[in-house]
């Protein structure tokens with residue numbers, strides 16, 4: 001069973017004050033984009049993980065990987081052993097703030113459920129996704145959604161039309177917990193008053209519903225961006241290049257370090273991507289569109305040949 005799941009961009013990420021448990025309440029407006037990974041589940045004598053594709057050398061192949069945790073969690077729910085070989089075909093940038101690991105976790109959960117015939121109700125799958133991580137439920141759902149709590153409590157949002165995006169990929173990653181801590185530090189230093197539970201911006205929701213790229217560009221917001229820029233100042237140069245090249249707006253994607261640029265159309269996307277790659281401010285640029293679906297099964301291709309992948313450690 002092969003399941004695809006897509007990357008995301010946060011068109012609004014509003015971060016509340018720190019909670020007693022160390023997390024933050026969010027108003028997280030997710031939008032699924034066309035970059036995607038695939039996870040294939042095959043019967044095996046034991047749990048085994050392999051991976052191929054760009055950045056696969058940075059993907060752990062042990063029990064810390066979300067695909068392994070997803071298989072173990074679903075197996076435990078149904079009282080069986082997680083005997084499965086899970087192969088990840090990577091295309092979503094690794095450690096880029098685009099929920100690639102979360103997409104893999106959601107894809108593995110659905111692929112195992114299909115392979116084992118466990119027919120887990122959708123509500124239970126979403127509960128399991130939330131146990132795996134804050135972004136995993138959205139990877140299962142796709143489209144556009146408002147995430148509350150840590151981002152795991154979802155409300156679907158209407159979205160029309162096609163939005164064109166360019167993602168500038170940086171070398172290395174940024175630790176999400178470190179970015180949140182820096183966000184708190186900067187706010188404390190500035191004496192900023194922060195609501196405990198933030199609210200979504202009505203302008204963002206209206207722009208998505210109307211399919212209005214220019215309106216969405218004017219409303220993009222990420223409370224983590226100042227922290228990401230403080231930790232990785234070079235990202236400011238990337239944002240400047242993309243906007244100068246014709247993007248309607250640029251924003252750090254989630255906790256970074258990927259930068260996301262909303263553009264008018266496919267032609268502009270190509271020009272912005274070329275300018276970013278020529279600038280030397282990022283290692284690569286990828287153009288794609290949104291919205292994209294949630295995790296879904298891919299019909300088998302009888303002519304496909306398996307891609308070589310790294311063996312588990």
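Values quoted throughout were computed directly from the atomic coordinates according to the rules given, and no laboratory measurement underlies them. Quick caveat: nothing in here was measured; it's all calculated off a predicted structure. Cβ atoms come from the backbone with ideal geometry, glycine included; neighbour counts cover every protein chain shown.
Grab the beta carbon distance between residue 278 and residue 186, set R0 = 35 Å, and tell me the FRET efficiency rounded to 0.05.
Calculated value: 0.60.
If you fit an axis through the alpha-carbon atoms of helix 235-244 and take the longest principal axis of the Cα set of the chain, what angle between them do you get, 0 to 90°, nearest 10?
Taking Cα atoms only, the helix is inclined about 70 degrees.
Plugging the Kirkwood radius over Cα pairs into Stokes-Einstein for segment 261-302, at a temperature of 20 °C and a viscosity of 1.002 mPa s, what D comes out in µm²/s?
Result for D is 170 µm²/s.
If I take R0 = 30 Å and measure r between the Cβ atoms of residue 203 and residue 123 in this structure, what FRET efficiency does the formula 1/(1 + (r/R0)^6) give, to the nearest 0.05?
Taking R0 as 30 Å, the efficiency between residue 203 and residue 123 is 0.45.
For the residue pair residue 176 and residue 52, what label-to-label distance in nm results when each label sits 7 Å from Cα along the Cα-to-beta-carbon direction?
2.8 nm
Which one, (1) 25, 21, 21; (2) 43, 23, 16; (3) 31, 22, 19, gives semi-axes √(5λ) of the Cα gyration tensor in Å as derived from the coordinates shown?
Among (1) 25, 21, 21; (2) 43, 23, 16; (3) 31, 22, 19, the one calculated here is (3).
Report the calculated FRET efficiency for residue 42 and residue 215 (r = Cβ-Cβ distance, R0 = 35 Å), to the nearest 0.05.
0.15
In what order do 165, 116 fall by count of nearby beta-carbon atoms within 10 Å, going from fewest to most?
Taking fewest neighbouring Cβ atoms as first place, the list is 116, 165.
Of all beta bridges DSSP finds with both residues in segment 1-123, what is the antiparallel percent, to the nearest 5?
80 percent
Alpha carbon centre of segment 190-206 versus segment 52-124: separation in Å?
33 Å
I'd like the antiparallel share, as a percent to the nearest 5, of DSSP beta bridges with both residues in the chain.
Bridges in the chain that DSSP calls antiparallel: roughly 85 percent.
Could you list the residues of segment 172-207 with an amide nitrogen less than 12 Å from a label point located 7 Å from the Cα of residue 17 in the Cα-to-C-beta direction?
Output list for this probe position: 188, 192-198.
Tilt of helix 66-77 relative to the longest C-alpha principal axis of the chain, in degrees (0 to 90, nearest 10)?
Orientation of helix 66-77: about 50 degrees from the principal axis.
Sort the following peptides by mean Cβ neighbour count (other Cβ atoms within 10 Å, averaged over residues), highest first: 190-197, 265-272.
Descending mean neighbour count gives 265-272, 190-197.
Helix-derived [θ] at 222 nm for the chain: sum -39500 (n - 2.57) over DSSP H runs of at least 4, divide by residue count, nearest 500?
It comes out at -10500 deg cm²/dmol, rounded to the nearest 500.
Report, to the nearest 10°, how far helix 100-116 tilts away from the longest principal axis of the Cα atoms in the chain, using its own Cα long axis and a range of 0 to 90°.
30 degrees
Quick one: if you take sqrt(5λ) for each eigenvalue of the C-alpha gyration tensor of segment 1-63, what semi-axes come out, biggest first, whole angstrom?
31, 18, 12
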